[in-house]
């Protein structure tokens with residue numbers, strides 16, 4: 001199964017957008033799925049349903065960091081390269097989705113902390129499954145162009 005399909009399947013099973021992207025790539029990152037789901041959990045709904053940066057984008061960046069991040073704070077080249085890659089992926093996501101901001105993608109929904117019921121109507125109205133697929137496809141393209 002492709003990562004984009006896996007991410008959509010995870011989202012449709014109840015995971016939030018950030019979890020869906022991050023967990024879909026556990027086969028590549030080598031991370032434990034349960035740990036990854038917990039780590040990504042706060043980033044759903046544009047960071048805790050504050051409707052800021054799209055959770056799919058956050059999940060994409062989490063995978064990017066797991067694969068290409070730096071762990072030596074003194075290596076400025078590593079930081080610069082990662083931030084360059086983050087900005088490039090954000091630009092590509094924005095070009096296809098229109099924004100990287102959750103409230104803009106969802107057309108300004110409420111930002112209360114109460115999770116929405118996952119009903120057929122919820123899935124029909126929300127573009128989130130498409131957003132996790134987009135983020136996953138962009139990640140796959142990036143990884144293909146930048147072998148680990």
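The values are calculated or read from the model by the stated rules, or taken from the named source; none is laboratory data. Computed from a predicted model, the values in this text were never measured in an experiment. We place every Cβ from the backbone using ideal geometry, glycine too, and count neighbours over all the protein chains shown.
A few comments on the model shown:
- Scan of region 2-35 for residues that are more than 21 Å from residue 120 (Cβ to Cβ), surrounded by fewer than 23 Cβ atoms within 10 Å (Cβ to Cβ) and free of Cβ contacts under 8 Å to residues at least 40 places away in the same chain, ordered by number: 26, 27, 29, 30, 31, 32, 33, 34, 35
- Meets criteria (over 23 Å from residue 36 (Cβ atoms) and in contact (Cβ under 8 Å) with a residue 60 or more places away in the chain) for residue 99: no
- Just one residue in the set 41, 90 is in contact with a helix residue (DSSP H, G or I) (Cβ under 8 Å, 6 or more places away or on another chain), under 14 Å from residue 20 (Cβ atoms) and surrounded by 11 or more Cβ atoms within 10 Å (Cβ to Cβ); that residue is 41.
- Residue selected from region 49-71 under the condition more than 17 Å from residue 137 (Cα to Cα) and free of Cβ contacts under 8 Å to residues at least 24 places away in the same chain, by the criterion surrounded by the fewest Cβ atoms within 10 Å (Cβ to Cβ): 71
- If only residues of region 109-142 that are surrounded by 11 or more Cβ atoms within 10 Å (Cβ to Cβ), over 15 Å from the mean Cα position of the chain (by Cα) and more than 12 Å from residue 45 (Cα to Cα) are counted, the one that is modelled with the highest pLDDT is 118.
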